[in-house]
Amino acid sequence: MSDMIRLIEPLIPALRRYARALLHNPTDADDLVQDCLERAISRWHQRRTDGDVRTWLYAILHNLAVSQMRQRARRGSYMPVDDAPEATLAVAPSQDDGLLQRDLTAALAALPEEQRSVLLLVSVEGLSYAETAQVLAIPIGTVMSRLARARDRMIHLMDGENVAPVKRPLLRRVK
């Protein structure tokens, strides 16, 4: 027992330095060193007698640190509910945006090509009706007609087929 204490005790300050460098938190580092020393003492009989105690202790400390970091990454940070700011407790669900994007992409894909291209050029790219007509080499009236049909179809695809017709805004004025 005294042999074990004689070999381990001088290494404790170096173990603490290494633990602090790994964890960047003095309290967690001290806990890690404590865990390392407990493991070393309880498994003293398992160490290689021809091996270096210093490297054995550093290996134990390092492996415990890696295990703790992985565990924290899986579990997330811990904070008592009473100490947590209210804004962190009430977070909007993140899956709604992904579902909406998926539905929008599917609805766009379901449109006929001529309606999809007009809708994308006017609504997404911000081209005027005249510019869209020029790009697609079609009359402006056809652009307005396809755009109206595309908007109606998108509303039905996004909200469901049994939705009451929505009064849409008037078309832009063409000069």
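The numbers here are math on the coordinates, done by the rules we state, and not lab data. Just so it is clear, the structure is predicted and the values come from calculations on it, not from any experiment. Here Cβ is always computed from backbone atoms with ideal geometry, including for glycine, and neighbour counts include all displayed protein chains.
Data for the structure
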item: Ordering of 35-45, 67-77 by packing [mean C-beta count within 10 Å, highest first]; result: 35-45, 67-77
item: Cα centroid of segment 11-32 to Cα centroid of segment 36-58, whole Å; result: 18 Å
item: Mean Cα-pair separation over length for the chain, i.e. relative contact order, pairs under 8 Å, 6 or more apart, %; result: 14 percent
item: Relative exposure of VAL135, VAL143, VAL81, judged by other C-beta atoms within 10 Å (fewest first); result: VAL81, VAL135, VAL143
item: Summed residue charge, Cβ within 10 Å of LEU61's Cβ, Lys/Arg positive, Asp/Glu negative; result: +1
item: Relative contact order [Cα under 8 Å, 6+ residues apart], segment 2-78, whole percent; result: 33 percent
item: Within-12-Å neighbourhood charge of THR27 [Cβ basis; K, R +1; D, E -1]; result: -1
